Amino acid sequence: MDIATYLDERMHRRFTGELRALGFNEPISRYEELNNEERGEIRVLFGWDIDQSVVDACPALEWIQGAGAGVDWLAPVRLPQQVTVTRIIDRFGPDMGEFALLSVLAWVKDYRRIYQQQVRKEWGRYLVGSMAGLTVGVLGAGSIGSHIASVFKPLVREVRALGRRRPEVDGVRGFSSQEWTSFYTELDVLIMVLPHTPDTHRSVGKEQFALMRPGGFLVNLGRGPILDEDEFVAAIRLGQLSGGALDVFSLEPLPAESSLWELPGVTVTPHISGPSRADGMAAVFLENLSRFRAGRPLLGVVDWKRGY
């Protein structure tokens, strides 16, 4: 047994079912169902939230395929030099693009007001907003950010994208990380899809909000710790921002006592914008497994110097 998953039982069944549908019939067991001797034979591990005890129990381990786009959960783990880590890439853009568009449209059209009026059975007509004049900034210019930028491009006045290096996306204004002031200036909407690294930790807060247009809107679909949540709460209460859609948080699940739940104009969702679908995970895993066995470069290899 050289391949195992570190998944809950339900996800393991779905994942291995999709592998069988793609013609892969080799046995794959769940890590938690193996004894110590069998764990010692694992060379390939697929999953998420893999901790130090798991890695230590797998001395033959050579490759970890993360089940999602982010691998920040693995950053504290001391990995043997021979272990390569890969993440899933080029799979989450469509889902997250839809989620970002839903969030911004609901804000522009004040859908919260529509819903509340229906609950009260009120016929209160009002002038709804339009996306046509908006300047939208996408923070993070990888495959997900580039897809989100393409979704908004035909709908708004201007789309900007900020990356470590100046991104080149057709019809989108690109900014490097050194040009962040220009990127944030006069933004109506900020969409965050950055990975969490030491460089991005709480990198969006008071200074950035001050550069945006008063009454702007924020969408965080990347990682919770990128946003300074205290400064976000303050900006909402001061009216500097008029609302936000938060799908990720510094602490998950979001505690019931968090002020974010009832913050005016803010929508809280339970980390669902970029679902790891079993069929997509299986396809990525099989491609990389083929490469692993043939000694070819794997897709989505994590560069720990960058943190993703």
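Quick one: what Rg and Dmax do you get for region 14-166 from the alpha carbons, in Å?
Radius of gyration, then largest Cα-Cα span, for region 14-166: 22.8, 69 Å.
Apply 1/(1 + (r/R0)^6) to the Cβ-Cβ distance of Arg10 and Leu155, taking R0 = 35 Å, and write down the FRET efficiency to the nearest 0.05.
0.40
Could the peptides 242-253, 72-83 be put in order, highest first, of the mean number of other beta-carbon atoms found within 10 Å of their residues?
Highest-to-lowest ranking by the protection proxy: 242-253, 72-83.
Under 23 Å Cα to Cα from Lys153, which lysines show up? Leave out anything in the same chain fewer than 8 places away.
Reachable lysines: Lys109.
Could you pull the Cα extents of region 99-176 along its three principal axes, largest to smallest, in whole Å?
51, 20, 15
How big is D, in µm² s⁻¹, for the chain by Stokes-Einstein at 20 °C and 1.002 mPa s if Rh is the Kirkwood radius over C-alpha pairs? Walk me through the numbers before you get to the answer.
Details: Rh = 21.0 Å.
Estimated via Stokes-Einstein, D reaches 102 µm²/s.
For region 1-99, divide the Cα radius of gyration by the Kirkwood radius and give the resulting Rg/Rh value with two decimals.
0.98
Ranked from highest to lowest mean number of other Cβ atoms within 10 Å per residue, what is the order of the peptides 39-45, 174-180?
Most protected by this proxy first, the peptides run 39-45, 174-180.
Which value, in debye to the nearest 20, gives the size of the charge dipole of the chain about its Cα centre, when Lys and Arg are +1 and Asp and Glu are -1 at the Cβ?
In debye, rounded to 20, the chain gives about 1060.
Given springs between every Cα pair under 10 Å in a Gaussian network model of the chain, which of Leu227, Leu218, Leu260 has the largest fluctuation?
The residue with the greatest mean-square fluctuation here is Leu260.
For the chain, which whole percent of the accessible surface, found with a 1.4 angstrom probe, sits on carbon and sulfur atoms?
50 percent
With the dipole of the chain worked out from charges on the C-beta (+1 for Lys and Arg, -1 for Asp and Glu) around the Cα centre, which of Ile50, Tyr184, Trp63 lies farthest toward the positive end?
So the residue furthest toward the plus end is Tyr184.
Given a 1.4 angstrom probe, what's the average accessible area per residue across the chain, in square angstrom?
Per-residue accessible area for the chain comes out at 52 Å².
If packing is taken as the average count of other Cβ atoms within 10 Å, what order do 133-139, 148-154 fall into, highest mean first?
The packing order, highest mean first, is 133-139, 148-154.
The values are calculated or read from the model by the stated rules, or taken from the named source; none is laboratory data. Source: prediction; values computed, not measured. All Cβ positions, even for glycine, are placed from backbone atoms using ideal geometry, and neighbour counts span all protein chains on display. Ligands, DNA and RNA are excluded from the accessible area calculation, which covers all protein heavy atoms including side chains. Shrake-Rupley method; radii C 1.70, N 1.55, O 1.52, S 1.80 Å.
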